[in-house]
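Working notes for the structure below.
The values are calculated or read from the model by the stated rules, or taken from the named source; none is laboratory data. Note that the coordinates shown come from a computational prediction; the quantities given were computed from them, not determined experimentally. Heads up, the Cβs are rebuilt from the backbone with ideal geometry, glycines too, and the neighbour counts pull from every protein chain shown. Calculation scope for accessible area: heavy atoms of the full protein, side chains included, ligands and nucleic acids excluded. Shrake-Rupley method; radii C 1.70, N 1.55, O 1.52, S 1.80 Å.
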Amino acid sequence: MIHFLSLMLFETYFLKSILQLKRWYSSCEGFRLFCVTFHCVVCSSALLEDDVDLEALVNDMNSSLESLYSTCSGHHLPQTGLRRSQPMHILAVRRLQEEEQQLRTSSLPAIPNPFPELCSPASSPVLSPGSLPPGEIVKIFSEDGIGKVVEIPADMTARDLCQLLVYKSHCVDDNSWALVEHHPLLGLERCLEDHELVVQVQASMTSDSRFLFRKNYAKYEFFRSPLTFFPEHMVAWCQETNHTIPPSQLLKNFLATSSCPEIQGYLYVKDFGRKSWKKVYMFLRRSGIYCSTKGTSKEPRHLQLLADLEDSNIFTVITGKKQHGAPTDYGFCIKPSKGRGELKELRMLCAEDEQGRTCWMTAFRLFKYGIVLYQNYKIPQQRKTLLSHFSAPVRSVSENSLVAMDFSGRIGRVIDNPVEAQSAAMEEGHAWRKRSHRMNILGSHSPLHHSSLSSVIHIAQLWFHGRITREESHRIIHQQGQVDGLFLLRVSQSNPKAFVLTLCHHQKIKHFQILPCEEDGQVFFSLDDGATKFTDLIQLVEFYQLNRGVLPCKLKHPCTVVAL
């Protein structure tokens, strides 16, 4: 009996201690379970005595626990007795992983939108992790055949992708880069317009087709010199007005939707399913391209529709003679936009010369897109004007902005007289030679001798293409636009010590040999049989970028090949 009383006193003291420590427990249910466990331990200890009234002990402990639980939680236990613990259902592993993933996603911080002005008023300026658009995989190839995989959004245009590739490749952004749709099996290619969606174009391409990243200086050159691209004998309404339409009005008539300009001339047409070509008189209008079944007649009963402009794209044929048996090298093709790319769906055409092919293809683009092309042409100029207010303008030799200057006085002046500019260049050349001769006498600090340095300093320049053939230089000039002043330098095949300047003028490619000449024991380079000498090729190129000299035009646009 004394042992039982001691045990009850210990229980009372322990319960008071627990009441003092109840603030340590945040869950009253856990506190209740602890008390029940302690009750069971006490009861099991009391059962060891034979003279213990078990029923009275249980009733006494129930009343104590009920009062204790009501004190902690403010609720009374039910009168039916203790609530026994029940087995807990264990969640499946997959359900637990899903809940954990949801918890991790919901706990991610919101990504601030760096361009809130692009959001609509109803959209939020904060991008949630689940609202990011899925990307599309596009593979781009450079001129050397190396491909690069890029993930782009579904609404990225060709201009935006070119900007991305320019920044990733560390190129000079002069708004002359283009994305080319290339079909090697068909021998076709075309430059995508700046507003076209890359993902949509890729969806219509076959498995063997690819995108190329290259220069195209002639993409908007017709806005600068329209008469070069549209000869008067090919524009019908120029002949009707006795050749009095100015170039500005010529472009306005092409861009306007009310007027209907017309391109006319002879073209070779390949029949479907045959290898033969037939020369017919063609008309290109806004509604489509037509051929005359009776000479040069324009009567509607004599016109036959060959292709519609709305659902078609125009391509350059790069293997016309070899693959399609074309009569000339100036072939182009009209291909349906949603076609499967089979030969029977292609309308093969061929012009007499390069100027004729350029006129037909440029007019096709203007008739199909109209004012959108002019907006694409103006966007880079507006962006450049906007950036000029915040940063210093960067000089670009591709914009014909270089002029001859005279810094002999206190203030520099522009030399307008070409004779004076040539004499100033010759004097500067003599100064260069004296300076280089003095360096040779005193000894150069460079690890390379001056003569060896002048023979290799041009290798790193973008316009130097090394040992390529004459045909390869023609191909590069053709691909990059055939505009006036487009040039490259290469090693001569006939004379290993000489170089060749390949230049495009009036859509014709010309070659000029650069010969080495020796004077006072030093080697120079000259284009005009020694009349003007230069210590290296870089000085030669810089001189002819400022002065035309013996060339038909100045050097403006270097042919550039960049590896991605």
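Within region 260-284, restricting attention to residues that are within 35 Å of the chain's Cα centre (by Cα) and at pLDDT below 90, which residue is least open to solvent (accessible area, probe 1.4 Å)?
So the residue we want is Pro261.
Those residues that are under 12 Å from Leu503 (Cα atoms) and small (Gly, Ala, Ser), I need them from region 461-480; list them, please. Within region 461-480, just Ser473 meets the criteria. For region 487-496, the criterion of a residue being closer than 30 Å to His170 by Cβ and either assigned to a helix (DSSP H, G or I) or more than 30 Å from the chain's Cα centre (by Cα) (or both) is satisfied by at least one position.
Across region 201-210, the qualifying residues are those that are of a type in the set (Gly, Ala, Ser) and open to solvent by 30 Å² or more (accessible area, probe 1.4 Å), and the one among them that is farthest from the chain's Cα centre (by Cα) is Ser207. Under the condition of being modelled with pLDDT of 75 or more, surrounded by 17 or more Cβ atoms within 10 Å (Cβ to Cβ) and assigned to a helix (DSSP H, G or I), the residues counted in region 224-249 number 5. Inside region 447-467, residues that are open to solvent by 50 Å² or more (accessible area, probe 1.4 Å) and either in a loop (DSSP other than H, G, I, E, B) or modelled with pLDDT of 55 or more (or both) make up a count of 12.
Here is a yes/no grid of residues against (1) within 25 Å of Glu143 (Cβ to Cβ); (2) open to solvent by 60 Å² or more (accessible area, probe 1.4 Å); (3) charged (D, E, K, R):
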position: Thr469; (1), (2), (3): yes, no, no
position: Gln479; (1), (2), (3): yes, no, no
position: Gln493; (1), (2), (3): yes, yes, no
position: Glu518; (1), (2), (3): no, yes, yes
position: Asp528; (1), (2), (3): no, no, yes
position: Phe543; (1), (2), (3): no, no, no
position: Arg548; (1), (2), (3): no, yes, yes
position: Leu551; (1), (2), (3): no, no, no
position: Pro558; (1), (2), (3): yes, no, no
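One residue stands out among those in region 156-184 that are at negative phi and assigned to a loop (DSSP other than H, G, I, E, B): the one that is surrounded by the fewest Cβ atoms within 10 Å (Cβ to Cβ), which is Pro184.
Per-residue answers, yes or no, for (1) among the polar types (S, T, N, Q); (2) at pLDDT below 90:
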| position | (1), (2) |
| --- | --- |
| Gly481 | no, yes |
| Asn495 | yes, yes |
| His505 | no, no |
| Lys510 | no, no |
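Restricting region 185-200 to residues that are open to solvent by less than 10 Å² (accessible area, probe 1.4 Å) and not in a loop (DSSP other than H, G, I, E, B) leaves a set whose member that is nearest to Ile334 (Cα to Cα) is Leu188. Out of Thr535, Thr502, Thr560, one residue alone is polar (S, T, N, Q) and under 22 Å from Thr228 (Cα atoms). It is Thr502. If you go through region 285-327 and pick out every residue that is open to solvent by less than 70 Å² (accessible area, probe 1.4 Å) and either of a type in the set (Phe, Trp, Tyr) or more than 36 Å from the chain's Cα centre (by Cα) (or both), you end up with 9.
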